[in-house]
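The values are calculated or read from the model by the stated rules, or taken from the named source; none is laboratory data. Computed from a predicted structure; not experimentally measured. Quick reminder, even Gly has a Cβ in these numbers, built from the backbone with ideal geometry, and neighbours come from all protein chains shown. Note: areas computed on protein heavy atoms with side chains; ligands, DNA, RNA excluded. Shrake-Rupley method; radii C 1.70, N 1.55, O 1.52, S 1.80 Å.
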Amino acid sequence: MAEILSALRSLMASHSPPLHALIVPSEDYHQSEYVSDRDKRREFVSGFTGSAGLALITKDEARLWTDGRYFLQAMQQLSDQWQLMRIGEDPSVDSWISDNLPREAAIGVDPWCVSVDTAQRWERAFAKNQQKLIQTSSNLVDEVWKNQPPAETNPVIVHPLEFAGRSVAEKLKDMREKLAIERARGIIITALDEVAWLYNIRGSDVSYCPVVHAFAIVTLNSAFLYVDKRKVSSKVSSSIQENGIEVREYGAVSSDVALLASNQLDKDTGLSSGRNDVCETGTCEAEENNNDLIWVDPASCCYALFSKLDAKKMLLQQSPLALAKALKNPVELDGLRNAHIRDGAAVVQYLVWLDKQMQEIYGASGYFLEGKGASKKRSETMKLTEVTASDKLEGFRATKEHFRGLSFPTISSVGPNAAVIHYSPQPETCAELDPDSIYLFDSGAQYLDGTTDITRTVHFGKPSEHEKACYTSVLKGHIALGNARFPNGTNGHALDILARIPLWRYGLDYRHGTGHGIGSYLNVHEG
C-alpha cells in the first residue's frame, strides 16, 4: 500500500500543473454503483472493498470517505496510512479540501470517473480559496496499477421481448417525444442500466449486474450504441441495426459528443431510424431549428463528456429513462412476481435444509422449537461456515428456471458479523455457524424475468431478550410501513420514519435506507 501511495505522489508531483491532491472515486466511466474488476481503482489504492467511498491522496495524507453502511468494514480494512472519514459525521471531501489545502491548490481527478453534479459542487467549494479542479488527461491510478485486470469482452445479448415487454422501437418513440417536448435534439445516455433497458440488451461486464459497458446517443433522427465491437456478434448486430441503431466503437463516444455539440452527428450516418412519428406533421428541419438543446443527466453523465458541450445549449435534468425504467410494464411486473415466487421457494428450501443441518451437526433445537436443545452432541467431523452455507443457498437458486446468477455477493453472517451491513464472508476467515447466535443472510438472484433481493434473520437456539426486542421492533416497523396509507406523491423519505419509530423507542437505529427499487433483470439497486 505504501508503494502505491508513493508512486501516485510521484506522478502528482510531475503532473502539469503539479497536483496538491488526487481524488480517486469508486465510480467507473458510467458512475456505476457496482463496477468491474478493472475499474476498482479506489479499492486498489486503499484496500477498502466496499461499493461506496472516495479516496483522497495529498502529499502527506491519505483519507477515505464512506457512509454508515461501511464504517465497521472500513475500520477493519484500512491500513494505518489511511484515515477514515465518516460521511454525515466528518466534513465532506470538498469542505475538507477547501479548509485544509493551500490557496490556489490543484486537485486532480479523472473527469471520466466523476459526475457533472459532483464536479460542479467541488468546483464551487474550491473557488472560495482559488483552488482548482484539474481534469487529468489519463487516470494516474491506471499508470501505477501494474496488474490491472483487462477490460471485459463478454458478449452482448439481446433481451427478448417476452421478458422486456416493450420493443426498442416503442421505447425510442417515447424517448423522441420527450426530446421534442423538452426542445432537445439529442440525449447522451451514460448509465449502464439505462442503455441496457432502452436497447433491450444485456451482458456480463460487471459482476452481478447484467449490463454492457456502453454509451448511447439518441437524436430526433438517429440512435447510436458505443460498445467494444468484439462483444457484438453479427446476429446481435443485425438485431440492433434493425431498430435503426448504429453500432460504434466504445471510444468513439468522445468525438461523437463533440460532433453532436456542433450539430454534425446526424449527417451522413447512412441510417434512417424511421424518425418514429416525431416529425409526422411538418418537416423535421423546422423542428430541429426549435430543438437545440442536448439533454444530459448531471447525476450519471461524466464530466469528460459534459466538457465537450456548449453550456448554454444543455438541458441538465434527470434522464427520462429513470422513471420509465422504474415503472415496470405489465410483462415486467409478471416477471417480477414469477421470479420472486421461484426465488422464495429456493429460500424456503434453504431454511429447511439449514434447520436440519443445525440440529444434526450442532444439536440445536431447531428454528421451530425454542429451547437449549443440546439433546445431541455437536459433530466433531462436520461443520458449517458462513461461506459453505451461502454456497448451498446459491445451489438451491441455481436449480430454478431462468436463473442467471446472483444479484450481489451474498451476505451470510453469524453473530457480530451480522451487524456489518455489507459483510462479505471469505473462506479463510469466515465464522462457523453457531446455534446460540443470530444468523442473517441477505441475498438475491438474477433471473431472465426479474431481479430479487431478500434478507432473513434466524436463530436456531434461544435468542437473548435484547435480540428478541430488536427483532420485534424491526417487525413492528415493517408492519407500520406496510399498513401506511399516504397521499399520492409522498416520497420514500417521508415514510421512512414509520419503520424506525419502534427502534427509536429503544435508542436503536440502522445506518442504511429502509428499501430500494430493483431492476427487471438489471441492477439490484434502482430508483
> Can you find even one residue in segment 183-194 that is among the basic types (Lys, Arg), touching a strand residue (DSSP E or B) at 6+ places or on another chain (Cβ under 9 Å) and touching a residue at least 12 places away in the same chain (Cβ under 8 Å)?
Replying inline: yes
>> If a residue must be in contact (Cβ under 8 Å) with a residue 24 or more places away in the chain, open to solvent by less than 90 Å² (accessible area, probe 1.4 Å) and not in a helix (DSSP H, G or I), how many such residues does segment 460-494 contain?
In response: 3
>> Against the definition (closer than 21 Å to residue 294 by Cα, at pLDDT 95 or above and open to solvent by 10 Å² or more (accessible area, probe 1.4 Å)), how does residue 214 come out, yes or no?
In response: no
>> If I filter segment 67-81 for residues that are open to solvent by 10 Å² or more (accessible area, probe 1.4 Å), small (Gly, Ala, Ser), out of contact with any helix residue (DSSP H, G or I) (no Cβ under 7 Å at 6 or more places or on another chain) and within 24 Å of residue 3 (Cβ to Cβ), do I get at least one hit?
In response: yes
>> Regarding segment 116-139, can at least one residue be identified that is within 20 Å of residue 1 (Cβ to Cβ) and either out of contact with any helix residue (DSSP H, G or I) (no Cβ under 8 Å at 6 or more places or on another chain) or assigned by the TED database to the domain that holds residue 3 (or both)?
In response: yes
> Restricting to strands (runs of 3 or more DSSP E) lying wholly in segment 7-115: which have 2 or more residues that are of a type in the set (A, V, I, L, M, F, W, C) and more than 30 Å from residue 251 (Cβ to Cβ)?
Replying inline: 62-66, 83-86
>> For segment 196-223, which positions are outside any loop (DSSP other than H, G, I, E, B) and in contact (Cβ under 8 Å) with a residue 40 or more places away in the chain?
In response: 196, 197, 198, 201, 202, 206, 209, 215, 217, 218, 219, 223
>> Taking the condition of being surrounded by 18 or more Cβ atoms within 10 Å (Cβ to Cβ) and farther than 30 Å from residue 331 by Cβ, how many residues in segment 146-182 meet it?
In response: 0
> Does segment 224-242 include one or more residues that are of a type in the set (Lys, Arg), farther than 30 Å from residue 445 by Cβ and modelled with pLDDT under 95?
Replying inline: no
>> Going by what's in this entry, would residue 136 be described as among the hydroxyl-bearing types (Ser, Thr, Tyr), surrounded by 14 or more Cβ atoms within 10 Å (Cβ to Cβ) and more than 23 Å from the chain's Cα centre (by Cα)?
In response: yes
